[in-house]
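S.K.: The following block contains the structure, expressed as structure tokens.
Nothing in this text is a laboratory measurement; each read-out follows from the coordinates by a stated rule. Predicted model, so just to flag it, every value in this text is computed and none were measured. Reconstructed Cβ throughout: ideal geometry from the backbone, glycine too, with neighbour counts over all protein chains shown.
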Amino acid sequence: MKMSLEPGEGSDGGPPAASTRPRPSLALGPGGPRGLSASATTPEGDGGTLLQQALRHAVQHLQEPEDDGLRRAAVEELRTWVMDQPHLNARTDDWSLTCFLRGCKYKQDRARRKITSYYEMRSRVPEWFNQRDPTLPPLMDLLKLGVFLPLRNKDEEGRTVVLIRAAVHDPYKQKQSDVFKIGKMLVDLLLETDEIISIYGVFAIVDLQGVTLGHALQLTPPVIKKAVHAWQDCYPVRTRSMEFINAPVYVNVVLNIFRKFMNDKLKKRVHVHSKSLVALHKVVSPSILPEEYGGTCGTLQELKDYWLEQAVGKRLWFLENEKHKADLSKKQQ
């Protein structure tokens, strides 16, 4: 399955408001299927649309109810609980709640824990979730560098492939917290505009080309613990695989700290490759990779320009969305 990604926009340049957004499970995100006609067929040639295939997957593997009434009841049950937790300041639209339900295979108790973790993290880690104006010079610089680049097409399993260029920034001039902030901002944007990410999850390519001691020193154990906590326990999207490429021989010194905080499932999804791209091409088709990674899908500069434009275009949405975080002073003990 290969699908182009074209986030939809609202009248202010941001994603459509919840009140005007179609119910999740009826479109691949608020803007509908990206770059596809309603009659687009799956690679299997079964005549079904990519959307229908994704929704079948949600039913078969994420325990999503086939019955529309049961889906709505599950969302309403979660919304009722969220509204009884006013300290969370959480979003309560169908779209957001469906993402959390899918991320927890429609188990209400798990979804509640994950929502709580997500909105409390947004309060406890202000260096990632405050001052998210993409036009701020430190953030603009990182967007121009392309530290976090979702590819424009899905892989053959429908997963969103993200290229994380972990060592492209200058560790003596740029903050690691801002690097993580850009990543979280773009994941939030993807969750807002692309339903398929909530179904198939993320395939991460972590490029360590050019990594130095300065980069390693930015990743202290407390920072690593917060990063792993965000992936595992907070965001309503599955990390399907983490492929570390261009890895130096000493990379396991740092990776072992990451593994210390990972659950067994995530540990098994971490794979390390050396300088060759051959191993990467075995798990990611070159047809969706940029030319600099041996692919045929445009250049890195085109990808950087695209996500810079998308982030700046959603500036008002990022600023508005900052208010959604827990007020820990009101949390009931």
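S.K.: Nearest-5 percent of antiparallel DSSP beta bridges in the range 58-208? The partial results should precede the final answer.
M.R.: Working: 3 of 9 bridges.
Taking every DSSP beta bridge with both residues in the range 58-208, the antiparallel ones total about 35 percent.
S.K.: From largest to smallest, what semi-axes in whole angstrom does the range 167-241 give when each is the square root of 5 times an eigenvalue of its alpha carbon gyration tensor?
M.R.: Semi-axes from the Cα gyration tensor: 25, 13, 12 Å.
S.K.: Between LYS260 and GLN52, what is the label-to-label distance in nm when each label sits 7 Å out along the Cα-to-Cβ direction?
M.R.: 5.1
S.K.: Which of the pairs LYS105/LYS154; LYS175/LYS330; LYS105/LYS226; LYS114/LYS184; LYS107/LYS154 have their Cα atoms more than 20 Å apart in this structure? Each step should come with its number before you reach the end.
M.R.: Values: LYS105/LYS154 22 Å; LYS175/LYS330 31 Å; LYS105/LYS226 24 Å; LYS114/LYS184 16 Å; LYS107/LYS154 27 Å.
Violating the 20 Å limit, Cα to Cα: LYS105/LYS154; LYS175/LYS330; LYS105/LYS226; LYS107/LYS154.
S.K.: Could you check the simple spin-label distance between ASP141 and LEU219, using points 7 Å along Cα→Cβ, in nm with one decimal?
M.R.: The modelled label-to-label distance comes out at 2.1 nm.
S.K.: Give me the one-decimal nm value for the distance between modelled label points at SER285 and ASP170, 7 Å along each residue's Cα-to-Cβ direction.
M.R.: Label at SER285, label at ASP170, 4.0 nm between them.
S.K.: Work out, step by step, the length gained on full extension between TRP81 and LYS331: first 0.36 nm times the residue separation, then minus their alpha carbon distance; give nm to one decimal.
M.R.: Extra length available between TRP81 and LYS331 comes to 88.5 nm.
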